[in-house]
Amino acid sequence: MKAGDEGAPRGVAVRGSKELNVLFLGGGKRVSVAEHLMARGQLAGTRVNVFAYELDDAVPIREIATVLPGKRWSECLVHLQGLIEELAIELVLPFVDPAIGVAAALQSVNPRLFSPVSSAAACETFFSKVATQRWCLRHGVPVPASEAGRFPKIAKPDRGSASKGIVILRHEAELASYTEDPTYLVQQFVQAKEYTVDAYRSVRHGNINYLVPRQRLETQGGEVIKSRTIRHGTIESLSRFILEEADLRGAVTLQFLEEENTGGIFFMEANPRFGGGVVTSVGAGVDLFEVLTADSSGTHLEENDRWEVGLLMLRRFSEIYIHADHH
């Protein structure tokens, strides 16, 4: 806490200014997103106060936000309802998959709240890799096949994330235990470039507010640390089709592969929330504050197609220090 702030927790607004109280669910590392919302809010004459709901307060966002130590996602709803009322929260942003349903449930019982999330049915389809594969095959969206006798193959946990639990299968003997397991999806392994699309489709109006493809150049622990914005007609067209056909709304992150030998494009998955690499699109000119406040108020916002192509994002690492007497 900085000098002169004694008696008021980080993030609590100074009286007399226009304020927006935002709650991050599972966003303890999303410092850059919080900084962006605060900076853009200030330019618009609004003080953005960020609160972060976490299992404990030893998270990086504590440097600029008020951390609210909480409960596990399966048992947090009543606790969160009380905090939202107490702190006059208006905007709830989920950053991990289990928090999406929580955000939707909170919004359903509090009409004053806004959260940029899709319907429960749309989310459920894309939480499951098996259900996603079936949806794609029904709607003609290209996905990696699983040709008999051809290796290598890749086995992915049906509800896995961040590349955890993925297994590369190189021989027939390894295959049976995964093809017979409904908790895994088996596909042909594709040597490919990886792309992500950051998108936002208005919850209120259904139009796309931004759609920014970027190449994933380097990842660590399943999260991008080097990324470049690009134009890619096929990926952009497929993204628009998926968003509209599946009725995905709010913040959505889509992932694609481009096969190196053939140039073929394959859809991998959609996460109905902000991705960790959305800061690439922010750096290229996407204004999350404008998009979120417009959608929450019901204001129609045209698509931002003026973002910078070729912007390179390099994620840096920095440290914060929590002293033993921090409580």
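The values are calculated or read from the model by the stated rules, or taken from the named source; none is laboratory data. These figures come from a predicted structure and were not determined experimentally. So basically every Cβ, Gly included, is an ideal-geometry build from the backbone, and we count neighbours across all protein chains shown.
Any residue that is of a type in the set (A, V, I, L, M, F, W, C), under 24 Å from VAL109 (Cβ atoms) and exposed (fewer than 15 other Cβ atoms within 10 Å of the Cβ) - is there at least one of those in region 85-94? Checked region 85-94: at least one residue is of a type in the set (A, V, I, L, M, F, W, C), under 24 Å from VAL109 (Cβ atoms) and exposed (fewer than 15 other Cβ atoms within 10 Å of the Cβ). Among the conditions (1) under 16 Å from the mean Cα position of the chain (by Cα); (2) touching a residue at least 24 places away in the same chain (Cβ under 8 Å); (3) closer than 26 Å to ALA34 by Cβ, GLY160 misses just one, which is (3). Would you check if ALA121 is under 21 Å from the mean Cα position of the chain (by Cα) and not in a loop (DSSP other than H, G, I, E, B)? When the stated conditions are applied, ALA121 passes them. Listed conditions (1) touching a Phe, Trp or Tyr at 6+ places or on another chain (Cβ under 9 Å); (2) under 30 Å from ALA294 (Cα atoms) are all met by ALA120, apart from (1).
As a summary of the residue check, ALA105 satisfies the conditions (1) loosely packed, with under 14 Cβ neighbours inside 10 Å; (2) modelled with pLDDT of 90 or more except for the one numbered (1).
In the set (1) out of contact with any strand residue (DSSP E or B) (no Cβ under 8 Å at 6 or more places or on another chain); (2) modelled with pLDDT under 95, THR219 fails one condition alone, (1).
Considering region 223-264 alone, what residues qualify as being among the aromatic types (Phe, Trp, Tyr) and under 24 Å from PHE189 (Cα atoms)?
Selection gives PHE256 alone.
When residues in region 21-73 are screened for being over 21 Å from the mean Cα position of the chain (by Cα) and aliphatic (A, V, I, L, M), 3 of them pass. Against the list (1) within 29 Å of PRO98 (Cβ to Cβ); (2) assigned to a strand (DSSP E or B), the condition VAL143 fails is (2).
Here is a yes/no grid of residues against (1) assigned to a loop (DSSP other than H, G, I, E, B); (2) at positive phi; (3) out of contact with any helix residue (DSSP H, G or I) (no Cβ under 9 Å at 6 or more places or on another chain); (4) free of Cβ contacts under 8 Å to residues at least 40 places away in the same chain:
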| position | (1), (2), (3), (4) |
| --- | --- |
| THR280 | no, no, yes, no |
| SER296 | no, no, yes, no |
| ASN304 | yes, no, no, no |
| TYR321 | yes, no, yes, yes |
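Note on region 106-126: residues that are under 15 Å from PRO272 (Cα atoms) and free of Cβ contacts under 8 Å to residues at least 40 places away in the same chain total 3.
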